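Quick one: this structure, given as structure tokens, is what I'll be asking you about.
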Amino acid sequence: MKFVDEVKIHIKAGDGGRGCLSFRREKFIPLGGPDGGDGGNGGSVWFRVDSGLSTLLDFRYKVHYKAERGMHGMGANRHGKGGEDLHISVPPGTLVYDDETGELLADLTKADQEIKLLKGGMGGRGNARFATSTNRAPRHTQPGMPGEEKTLRLQLKLLADIGLVGMPNAGKSTLISAVSAAKPKIADYPFTTLIPNLGVVSYGGYKSFVMADIPGLIAGASEGHGLGTRFLRHIERTDLFLHLVDASSMQEGDPVENFETINRELLQHDPQLLDKPQFVVLTKQDITEVREQQQELIPYFEQRGYRVFCISAVTGEGTRPLVEAVGLELERLRQGPESEPPTVLP
């Protein structure tokens, strides 16, 4: 399935039906009086979160949405039927913007969350409504009011507890495939991952968290270089980053320099991203040269306050302690910033 995370759509609520101009006409009943009914109200437009959706792909094929209009009023004081409301399903994490003003109209994050975005037009009143003691045969009616209409921009920000960041080919896809049921494409060349992937990771026997594999970042990603600029927003909602560092000869550049480059890109995209906790994960420990370098890299990161984990996603070495530590850290973060750091057995 194609991953689509930003679309524009045009939506319109239903117009109200017009009021009816009618007079009662029955045999042997002269001057029966006005009996025009009211028009029905137009249908409103609702947005509803469907947890079974993960992309905005459907909106690429249909961009115009319109709720049902109200029926017109009829004689014999018969009111028009109200138009059916239109319910539009979106994936969790969808932001709804007014495309003209840029105003954020809704942030839809919870399962089955529902919000009315456009209100249908009111039905017009029939002439029976205007009868008075001095005007017994009114010929005045009201037209239905038009329904609200907008062009919207929908933007998807994936909802995940953990975000994997790092240079291309640092081992992010391999890690998420090793600890979850996600099956992203894995290959020995940069930018193998072209779309974000989500995986549910189990820990502690019965608990779980959601991990997001984001396409690799490079220098200048926050300015539009590489693929990162499009997908940086998908890590804004995460609670914790796993920063994967590849010290093997397959990765160009110095590991520490690459680490600092990624953090600079996060800072330039949104300074609040660096306020989130970050674990450093030294990957590819099954390679001898990496094991030799880790003795120099670990002190560097620990002196700067980072927790460091050494893993090999290929062999599974170190992945279980990492998963358990991440799960406990998430629990601590949700209890509040003053709670004690969790104790993790090696």
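Laboratory data are not the source of any read-out in this text; all were calculated from the coordinates shown. Given the structure is predicted, the values throughout are model-derived calculations rather than measurements. As a convention, Cβ positions derive from the backbone with ideal geometry for all residues, glycine included, and neighbour counts pool all protein chains shown.
At a 10 angstrom cut-off on C-beta neighbours, averaged per residue, how do the peptides 275-282, 131-138, 198-205 rank from highest to lowest? Before the final figure, lay out the partial values.
Numbers: 275-282: 19.1, 131-138: 10.5, 198-205: 15.8.
Going by the mean number of other Cβ atoms within 10 Å, highest first, we get 275-282, 198-205, 131-138.
Rounded to whole Å and ordered largest first, report the semi-axes of the equivalent ellipsoid of the stretch 1-85 derived from its Cα gyration tensor (root of 5λ). Numbers along the way, then the final one.
Details: eigenvalues 406, 20, 11 Å².
Equivalent ellipsoid semi-axes, largest first: 45, 10, 7 Å.
If you take every DSSP beta bridge fully contained in the chain, what fraction is antiparallel? Give it as a percent rounded to 5. Walk me through the numbers on the way to the answer.
Values: 32 of 57 bridges.
Just about 55 percent of them are antiparallel.
Fewest to most neighbouring Cβ within 10 Å: what's the order for 110, 27? Could the numbers behind the result be given before it?
Working: 110 11, 27 5.
Listed from fewest to most nearby Cβ atoms, that is 27, 110.
What order do you get for 11, 298, 311, 29 when you list them from fewest to most C-beta neighbours inside 10 Å?
Numbers: 11 22, 298 16, 311 27, 29 9.
Listed from fewest to most nearby Cβ atoms, that is 29, 298, 11, 311.
How big is the dipole moment of the stretch 1-156 about its Cα centre under a simple scheme where the beta carbon of each Lys and Arg is +1, that of each Asp and Glu is -1, and everything else is neutral? Debye, nearest 20, please.
Taking the Cα centre of the stretch 1-156 as origin, the dipole is about 1020 debye.
For the stretch 17-137, take N as its residue count and report Rg(C-alpha) divided by 2.2 N^0.38 Å. Don't jump to the answer; show the numbers that get you there.
Details: Rg = 21.2 Å, N = 121, 2.2 N^0.38 = 13.6 Å.
Its radius of gyration relative to the 2.2 N^0.38 Å reference: 1.56.
Add -39500 (n - 2.57) for each DSSP H run of 4 or more in the chain, then divide by its residues: what number comes out at 222 nm, to the nearest 500 deg cm²/dmol? Write out the running numbers ahead of the final one.
Working: 6 runs with 64 residues, N = 346.
Dividing the helical sum by the residues of the chain leaves -5500 deg cm²/dmol.
Tell me the trypsin sites (Lys or Arg not before Pro) within the stretch 41-101 that lie in a loop according to DSSP and have at most 10 other beta-carbon atoms within 10 Å.
Values: sites: 48, 60, 62, 66, 69, 78, 81; in loops: 62, 69, 81.
Qualifying residues, ordered by number: 62.
Report the FRET efficiency, 1/(1 + (r/R0)^6), for residue 295 and residue 155, where r is their Cβ-Cβ distance and R0 is 56 Å, rounded to 0.05. If you can, show how the numbers build up before the last one.
On the way: r = 44 Å, r/R0 = 0.79.
Rounded to the nearest 0.05, the efficiency is 0.80.
Separation between the residue 132 and residue 85 pseudo-spin-labels, each 7 Å from Cα along Cα→Cβ, expressed in nm?
Going by the 7 Å Cα→Cβ label model, 3.7 nm.
³J(HN,Hα) across the stretch 67-72 via Karplus (A = 6.51, B = -1.76, C = 1.60, θ = phi - 60°), whole Hz, x for Gly/Pro?
So the Karplus estimates, Gly and Pro as x, are 6, 6, 7, x, 6, 6 Hz.
Give me 274, 118 ranked fewest to most by other Cβ atoms within 10 Å of their Cβ, as a rough exposure proxy.
Working: 274 12, 118 23.
Going from sparsest to densest Cβ surroundings: 274, 118.
Right, another one. Hey, how many Å between the Cα centroid of the stretch 270-285 and the Cα centroid of the stretch 147-184?
16 Å
Another question, then. Would you count, across the stretch 95-177, every pair of lysines whose alpha carbons are under 26 angstrom apart, provided the pair is eight or more residues apart or spans two chains? Don't jump to the answer; show the numbers that get you there.
Working: 110/119; 110/150; 110/157; 116/150; 116/157; 119/150; 157/172.
Step by step, the pairs that qualify in the stretch 95-177 add up to 7.
If you split all Cα-Cα distances of the chain into 20 Å bins from zero, what percentages do you get per bin, shortest first?
Here the calculated profile for the chain is 25, 39, 19, 12, 4, 0.
Once the convex hull of the C-alpha atoms of the stretch 234-345 is built, how many Å³ does it hold per residue, rounded to a whole number?
122 Å³
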